[in-house]
Amino acid sequence: MSLRWKIFYLYLIVMVTSLAVTGFYLYSYIEKSYLDNVKINNLVQANMVSNFVSRFVGTPSSYLIEPTISEYAKQINARILFTNTDGKVIVDSAPSKDFEGKNLLSYPDIKEALNGKSSTSIHNINGVGWAMYAAVPVTSKNKIVGAILISSSIDNVIELLDSIKYRMIYTFSAIGVLIGIVSLGIASFITNPLKRLTEAANILSQGKLDYKVDVKSKDEIGKLANAFNKMSFSLMKLDEERKRFVSDASHELKTPLASVKALIESLINSRNQDISFYKEILKDVNGEIDRMTKLVNDLLELARLDKIKSPRIKKVEVSEIIEEVVESLVPLARSKGVNLSFNGKGRIFAEIDPDRFYRMVYNIVENGIKYTHEGGYVIVGLYEDEEKVYLTISDNGIGISDEVLPKIFDRFARGDTARSKKSGGFGLGLAIAKEIIDMHEGRVNVKSKVGEGTTFEIELPKSKGKRY
Ligand SMILES: Nc1ncnc2c1ncn2[C@@H]1O[C@H](COP(=O)(O)OP(=O)(O)O)[C@@H](O)[C@H]1O
Ligand SMILES: [Mg+2]
C-alpha cells in the first residue's frame with residue numbers, strides 16, 4: 001500500500017472512530033436525561049396517588065378511592081392501577097376496567113413496590129406503543145397495604161429520541177465523508193512532494209544529472225528536496241569535471257603522439273641521410289616519449305590520490321624531506337640561473353605521508369624555479385607551533401595574474417606563458433599538490449603579483465590524532 005493510502009486510512013480510522021464514540025456517548029447522554037426526566041415525573045405522580053390512597057384505605061371514605069383515581073388518571077392521561085398486598089388489582093382507571101380482579105404479582109414493578117421499593121420500567125406494548133410503568137408502595141401506619149402502578153405513553157419521547165438519533169447519524173455521516181475528502185487531500189499534500197522526489201531520483205539515475213525537484217516547503221520534506229538538489233548539483237559538477245579531465249588528458253596525449261608520428265614519418269621518408277640526422281630525430285622522439293611518460297605518471301598519481309583517501313602516515317622529520325627536495329632541484333635551479341635556498345630552523349617533526357609530502361613540496365618548488373627568470377631566487381621556509389607546521393615557498397618570478405590565480409589548483413590549468421612554452425608542464429603539478437594537502441587536512445594560500453613573484457603558504461596539522 002502506498003504511503004498516501006496509509007496516511008489516508010490512518011487519518012480516516014482515527015477520525016471516524018472518535019466521531020462514532022463521541023456520537024454514541026452524546027446520544028446515550030441525551031436519551032438517559034430525557035427518560036430520567038419522564039421517570040421522575042411518573043414516580044412523583046405515583047407517590048401522590050399513593051399518599052392519597054393511603055389516607056382513605058380502611059376508612060369509611062374508602063369509596064372515594066376509585067372515582068378519584070379515575071379522575072386523576074384522565075387528567076394526567078395515564079392508566080393507574082391499585083393492587084392489594086397480594087398483587088390483585090382493586091382499581092383500574094381505564095374505562096374498560098379489564099384488569100380489575102387480575103393478579104399482577106408477575107409484574108416485576110408491582111413485586112418491587114410490594115417489597116417497599118419504587119420501580120420503573122419501559123415496555124413496547126403490542127398495538128399500543130411505548131409505555132413507562134412506575135410503581136410505588138401504598139403504606140398505612142407503617143405497613144404496606146398495596147401498590148400503585150402508573151402506566152403512561154412515552155411514544156412522543158421515543159419519537160423525539162429517534163429523530164435526534166437519525167439526525168445525528170446523518171450529520172456525523174456527512175462529517176465522516178468530509179473528513180474522508182480532507183484526509184485524502186492531506187495525504188496527497190504530504191506525499192506529493194515525495195512522489196516528485198522519487199521521480200527526480202529516477203530521472204537522475206537515468207543520467208540527467210542537472211535535474212532539480214521543485215519543492216518549496218520548509219519542512220523535513222523540503223529539506224530533503226534541498227539536499228537532493230544539492231546532491232544532483234555536485235554530481236553534475238563531478239561529472240563535468242570528469243568529462244573535462246578525460247578530454248584534457250586525451251588532448252595532452254594527442255600532441256606528443258602527433259609529433260612522434262611526424263618525426264618517425266620524416267625518418268621513413270628520408271633517404272641516405274647522415275647518421276647524425278637520425279640521431280637528432282630520435283632524440284626528439286625520445287623527448288616526446290619522456291613528456292608522455294611524465295603525463296601518464298602524473299595522471300596515474302592523481303588517480304591513485306583519488307582512490308586512497310587515507311595517507312600512509314608516519315612520524316618523520318619534515319625538514320629532512322625538504323632538504324632532499326631542494327637537493328634534487330638544485331641542478332635545475334643552477335641550469336636556469338636561479339638561486340634556490342632553504343632556511344629551516346632546527347629539526348621539525350610531524351605525522352605525515354613522507355612520499356606524498358615530498359611530491360607536494362617538489363611540485364611547488366619546481367614551479368618556483370620554472371617561473372622565475374635568471375638571477376631570481378626561490379626561498380623555502382619552515383617553522384612550527386604546538387599544533388602545526390608552516391611551509392612557505394617564495395620566488396621573485398613572473399607571478400600569476402588575477403584571472404589565473406583562482407584556477408591554478410585545477411587539473412590542466414596553466415598560465416598562458418606556460419602553455420606557449422614547449423617546456424611547460426601539463427598543469428597537473430599543483431592539482432596533485434593540492435590533493436596531497438587536502439589529504440593531510442592542511443590548508444594552502446597563494447599570494448602573487450605579476451612581475452614581482454609568488455608565495456605559497458602551507459600549513460599542516462602535526463599529529464594524526466588531531467586530524468582523524
Ligand atoms: N611560482 C609560480 N610563479 C608563477 N606562476 C606559477 C607558479 N606556480 C604555478 N604557476 C602557474 O600555475 C600554473 C599551474 O601550475 P602547475 O599545476 O604546476 O602546472 P605546470 O607547472 O605544469 O604548468 C602554471 O602553469 C603557472 O601558470
Ligand atoms: Mg608545475
Looking at the stretch 1-115, what helices (runs of 4 or more DSSP H) fall wholly within it and have at least 1 residues that are open to solvent by less than 40 Å² (accessible area, probe 1.4 Å), closer than 28 Å to Glu159 by Cα and among the hydroxyl-bearing types (Ser, Thr, Tyr)?
3-56, 65-76
Does Val404 satisfy the condition of being modelled with pLDDT of 95 or more and either under 19 Å from Leu302 (Cβ atoms) or within 16 Å of ligand 2 (Cβ to nearest atom) (or both)?
no
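Residues are listed down the side, and each one gets a yes or a no for (1) surrounded by fewer than 17 Cβ atoms within 10 Å (Cβ to Cβ); (2) within 16 Å of ligand 2 (Cβ to nearest atom):
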site: Lys345; (1), (2): yes, no
site: Tyr362; (1), (2): no, yes
site: Asn367; (1), (2): no, yes
site: His373; (1), (2): yes, no
site: Gly376; (1), (2): no, no
Confirm whether Asn396 is away from ligand 1 (no atom under 16 Å from the Cβ) and open to solvent by 30 Å² or more (accessible area, probe 1.4 Å).
no
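The values are calculated or read from the model by the stated rules, or taken from the named source; none is laboratory data. From a predicted model like this one, the values you see are computed outputs, not experimental measurements. For neighbour counting, all protein chains shown are included, and Cβ atoms are generated from backbone atoms with ideal geometry for every residue, glycine included. Only protein heavy atoms, including side chains, enter the accessible area calculation; ligands, DNA and RNA are left aside. Shrake-Rupley method; radii C 1.70, N 1.55, O 1.52, S 1.80 Å.
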